[in-house]
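Read the figures in this text as sums done on the coordinates, not as results from a lab. Being a predicted model, the structure only gives us computed values, none of them experimental. When we count neighbours, we look across all protein chains shown, and the Cβ atoms used for this are built from the backbone with ideal geometry, even at glycine.
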Amino acid sequence: MNIKVKKKNSDGIVKMETSGKFREIIIKKDFLKPKNTSLALCFIGKQSSGIVEMTEKELEDIFNEIKRKKLDGVKIMKLKK
């Protein structure tokens, strides 16, 4: 997995890049407010680690977008010049 982040600070824009492997997936559920369920993807690399948090709605949006853009049945044609 590769992560690329752009962050604006007082000096301008800083670009950061890291890579690593997923180590753990944490599902946070609030029994009083079930709509506030979130997912945390924990990763670790050689010199970096982090957590990517998203709501259940964001996860569903990502899943639906991947299904919509799935490339099953696409044929690549090579054209002669």
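A few remarks follow.
- Most fluctuating residue given options Ile62, Ile26, Ile13, as computed from a GNM of the chain linking Cα atoms under 10 Å: Ile13
- FRET efficiency for the pair Ile3 and Ser38, taken as 1/(1 + (r/R0)^6) with r the Cβ-Cβ distance and R0 = 22 Å, rounds to 0.75.
- Across Asp30, Asp11, Asp61, mean-square fluctuation computed from a Gaussian network of the chain (C-alpha pairs under 10 Å connected) peaks at Asp11.
- Length-normalised contact order of the chain in % [C-alpha pairs under 8 Å, at least 6 apart]: 19
- Backbone phi angles across the range 10-27, fed through the Karplus curve with coefficients 6.51, -1.76 and 1.60 (θ = phi - 60°), yield HN-Hα couplings of 5, 7, x, 9, 10, 9, 10, 9, 8, 9, x, 10, 5, 10, 7, 10, 10, 9 Hz in residue order; Gly and Pro are listed as x.
- Charges were assigned to the Cβ only: +1 to each Lys and Arg, -1 to each Asp and Glu. The resulting dipole of the chain about its Cα centre is roughly 660 debye.
- Lysine pairs in the range 2-68 whose alpha-carbon atoms fall under 17 angstrom of each other, counting only those eight or more residues apart or on distinct chains, come to 11.
- Nearest-ten-degree value, helix 56-68 long axis tilted from longest Cα axis of the chain: 10
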